[in-house]
């Protein structure tokens, strides 16, 4: 069964607007971590933000925030005030008890000027 | 602080040849992971080292793949003999520990093309 589902293959967003990238997950573990990574066209994977399953507050890192809804098993990434440099592929990932990451298929974001 | 580095960035080989990929983790990171993204598929876990020991190699596709981590520092992933389906991007990641909050930091990846 798919552990991480990203249903949006590609999205367009206007510069300076906000965009929400969807991520749902499936796990029976009580303790797990959710991560978002950015992969620009240069290929490297850049860590953006982390949310622990026991964290009561939604994680935020600068313009990135994570909308964590545990009961719905969703961990959507919100990018506020989009910039041209935000154009990239974004991956949602989960780590369960065994420490390895399970990734979604990714969402390509294109920011328009 | 230097990030995770991988060498080479690209490799094009013919079916049946051998290729060795190298990963240098962030200094001081005991945990090293290999992942692979085959065209059109998700990024998949291959294996996990803690220092020089293989903690989990459940994701290794078959015995044509051999990973080592000499002295708990850099790691190599050898594919011998390479097959067409081995083409993809191989990522290495490292983390300081295995705690819930230990983020895995990725290298830029090695793009392997098997012709």
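FYI, it's all coordinate maths here, none of it is from the lab. Just so it is clear, the model here is predicted, and its values are computed rather than measured. Because the Cβ atoms are built from the backbone with ideal geometry, glycine has one as well, and the counts that use them run over all protein chains shown.
A few notes on this one:
- Look at the stretch B:50-59: the mean tally of other chain Cβ atoms within 10 Å of its residues' Cβ atoms is 1.
- Calculated SAXS-style log₁₀ I(q)/I(0) at q = 0.17 Å⁻¹ - the range B:1-58, Debye, Cα scatterers: -0.74
- Residue by residue along A:31-41, Cβ atoms of other protein chains within 10 Å of the local Cβ number 2 on average.
- Chain B: Rg to Rh, with Rh as the Kirkwood radius over Cα pairs: 0.95
- Length-normalised contact order for the range A:29-78 - Cα pairs under 8 Å, 6+ apart - percent: 26 percent
- Kirkwood-based shape ratio for the range A:4-91, expressed as Rg/Rh from alpha carbons: 0.96
- Shape summary of the range B:36-84, radius of gyration then Dmax from alpha carbon positions: 11.6, 35 Å.
- For the peptide A:98-107, the mean number of other protein chain Cβ atoms found within 10 angstrom of a residue's Cβ is 6.
- Sorted largest first, extent of the range A:1-52 alpha carbons per principal axis (Å): 38, 22, 20
- Protection proxy ranking of B:48-58, A:102-112 - average other beta-carbon atoms within 10 Å, highest first: A:102-112, B:48-58
- A convex hull fitted to the Cα coordinates of the range B:63-110 yields 109 cubic angstrom per residue.
- Relative contact order of chain A, pairs being alpha-carbon contacts under 8 Å that are 6 or more residues apart, as %: 38 percent
- Debye log10 I(q)/I(0) at q = 0.09, 0.13, 0.14, 0.17 Å⁻¹ for the protein assembly as shown, Cα point scatterers: -0.37, -0.77, -0.89, -1.25
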